[in-house]
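Structure, as structure tokens:
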């Protein structure tokens, strides 16, 4: 009887100890969470905790099973290689083009290489657009883009030669640096497409495409509140919205995408890339007789794929250099353009709805100075204006694609060079970086590489 009565008492005691131990752990976790600063999630619930070479190409967490199916189909469409008709698979390439798939330029969904075959040349003639539908004055027989490749038997728009020149520089503390910039030379390939002497050229390198779905869902009202075209607050920063043409709505719209914010939404940008970069006609940009090389389903799937890519999380948030660099970034007023925190509105994709995220952009146009000017208007953007580039994922650019370039034309070989090219409205921030001592400059770069 004694033995049988002791056993339940011991069991009860161990059960009590277990419960108390569990409660203690739970309290410890709650206290730890309460005392630990919240970690900003770069993409809200679409944030990915993967900083490998594949981090720009993963689906956003939070997609439904049906959305994942569409994403996977879009992934296939993004990498589909087009060939000339009458192939049974992916016909329609050309007759003139720059590349044969989306993925051939946006390698692993990241920035491109600063070389022909990934970069391309936009062109126009001097002068202002003649109507809201025109991004600029087109070059006769060519349009707004040089397609330097073509199908058999068809001359390309022109032959493009790209060379690089360098210029030395020096920080006030005596540290030397070197910057480089491109030189473009166009020569005629088709006698029926003469190249005017006064053609304006703009070398463009493909940007990363992840996180674009979040940028698309920023309410227009937010962008208008962030804009300050007349610099009413006197800080020297006058970001403004590009007013672009939406061919499906047949109306002027707010520009968000593209290096000069010349596309209103991702469907338009995707369709424009098909027709301009590959010669693939589609529902938004059909051929002269209404023909379409791809149908609505492929266009929708490819667009959804870009909308539903995840955003890689920041790293090293507790590192002293990263924390110091973030303060220096703010003190230099870099955050006036590279706005760290934005919020989406409602979205048909639940994972994108009402998300607080951290892209370090406000999608507005800014005068970046003569050094970066292409002197080529693009809708309302003038020849010195560029859209603020998102900085999220900046520290992964070389991990995803070694030797990828920075800035609109890939001229910068490092984040440091990109900063040194900033002029115009960003000149004061660039000068703040210049006068920092070497340790401070490295701390600011450490912060940017943590993104």
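Readers should treat all values here as calculations from the given coordinates under stated rules, not as data from a laboratory. Everything numeric here is computed off the predicted structure, so don't read it as measured data. Virtual Cβ from ideal backbone geometry, glycine too; neighbours counted across all protein chains shown.
Odds and ends about this structure:
- A protection proxy built from the mean count of other Cβ atoms within 10 Å ranks the segments 188-194, 285-291, most packed first, as 188-194, 285-291.
- For Cα Rg over 2.2 N^0.38 Å, calculated from these coordinates, the label among [x] 1.01; [y] 1.14; [z] 1.06: [y]
- Compared with the direct C-alpha span, the chain from residue 162 to residue 327 gains 55.5 nm at full extension, assuming 0.36 nm per residue.
- Residues in segment 301-330 reached by a label modelled at residue 64 [backbone nitrogen below 18 Å; 7 Å Cα→Cβ]: 301, 304-305, 307-309
- Taking a ≥ b ≥ c as the square roots of the Cα gyration tensor eigenvalues, segment 396-447 comes out oblate, since a/c reaches at least 1.5 and a/b does not exceed b/c.
- In this simple spin-label model, placing a label point 7 Å from the Cα along the Cα-to-Cβ direction at both residue 115 and residue 220 gives a separation of 4.3 nm.
- For the peptides 124-130, 40-46, 439-445, 292-298, the ranking by packing is 40-46, 439-445, 292-298, 124-130, with the highest mean count of neighbouring Cβ atoms within 10 Å listed first.
- Over segment 118-173, Cα pairs under 8 Å with separation of 6+ residues give a relative contact order of 24 percent.
- Cα-based shape type of segment 235-326, given that a ≥ b ≥ c are square roots of the gyration tensor eigenvalues and the cut on a/c is 1.5: oblate
- Tensor-based shape of segment 172-317 (alpha-carbon gyration tensor, a/c under 1.5 rounded, otherwise prolate or oblate): oblate
- Degrees separating the helix 296-307 axis from the principal Cα axis of the chain, which is the longest one: 50
- Counting only alpha carbon atoms, the long axis of helix 438-448 and the longest principal axis of the chain meet at about 90°.
- Gain upon complete extension [residue 235, residue 187; 0.36 nm per residue less C-alpha separation]: 12.9 nm
- Protection proxy ranking, highest mean first, for peptides 358-366, 111-119: 358-366, 111-119, where packing is the per-residue count of other beta-carbon atoms within 10 Å, averaged.
- Length-normalised contact order for segment 44-448 - Cα pairs under 8 Å, 6+ apart - percent: 22
- Pairwise label distance in nanometres, residue 354 with residue 39, each label 7 Å out on the Cα-Cβ vector: 2.5
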